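Participant: First, the structure itself, so that you have it in front of you.
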Amino acid sequence: MRASQLPLLAAVLVATHSAASGTTVYVDATSGSGGNTVLSNGGTFTPPLNGTTGADQNWEQRTVFAASGNIYESGGEASENAPELRTTMTGLTPGATYQIHVHFWDGSGSGAAWNLRAGLAANPGANTLFTNPAETAGIGATAAVLASSLTYTTAPSLFTEGDRTMFAASLGNAVADSGGGDPSLH
């Protein structure tokens, strides 16, 4: 853990869970200058919009998708290994402990396995792999829970859309820094 950040790999959507209040505050990952999500090396994260980038080893945005907004994807057209991302949360209480969850969408039907690697420290390609509980067998993944099963102070705008369902995976606890928080997830 670094002084002003708690590290989330491949952050799609994130939430913090205050140990004191027992409720979850949902925060969307955002890209571009001033966004809360950057490349793990600190570079600006600016994925192309609605591009079919193929096997270019990068991320792209898809709209209008899941919660009627953008999602970030890699491997949509071909298998690829996109760079690790870091999403930073702000507005936390200094010194407070938070349970950190990563939220992600998964489609149903054949071929729709939208898995996610995430953790509280940078570990490109090796953080825990989270999946829909129905997809964990045989791939060494950890089952996430339905995001709708958590208690929220600020909730996502929806938990299902079309054939897609939002899941949440617990990454563990982290302590907000003395400057007001801003833990990061890889």
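Participant: In the range 1-56, how many residues are assigned to a loop (DSSP other than H, G, I, E, B) and modelled with pLDDT of 60 or more?
Facilitator: 27
Participant: Separate question: Return the total of residues in the range 106-146 being buried (at least 18 other Cβ atoms within 10 Å of the Cβ), part of a strand (DSSP E or B) and in contact with an Asp or Glu (Cβ under 8 Å, 6 or more places away or on another chain).
Facilitator: 2
Participant: Evaluate the following for A66: is it touching a Lys or Arg at 6+ places or on another chain (Cβ under 9 Å), at pLDDT below 80 and aliphatic (A, V, I, L, M)?
Facilitator: Judged against the criteria, A66 is a match.
Participant: Is one or more of the residues making up the range 88-103 in contact with a helix residue (DSSP H, G or I) (Cβ under 9 Å, 6 or more places away or on another chain), closer than 30 Å to N50 by Cβ and not polar (S, T, N, Q)?
Facilitator: Yes: one or more hits.
Participant: To continue, here is another question. Among the residues of the range 33-58, what is the count of those that are more than 20 Å from G76 (Cβ to Cβ) and of a type outside the set (A, V, I, L, M)?
Facilitator: The qualifying residues number 9.
The values are calculated or read from the model by the stated rules, or taken from the named source; none is laboratory data. Quick caveat: nothing in here was measured; it's all calculated off a predicted structure. For neighbour counting, all protein chains shown are included, and Cβ atoms are generated from backbone atoms with ideal geometry for every residue, glycine included.
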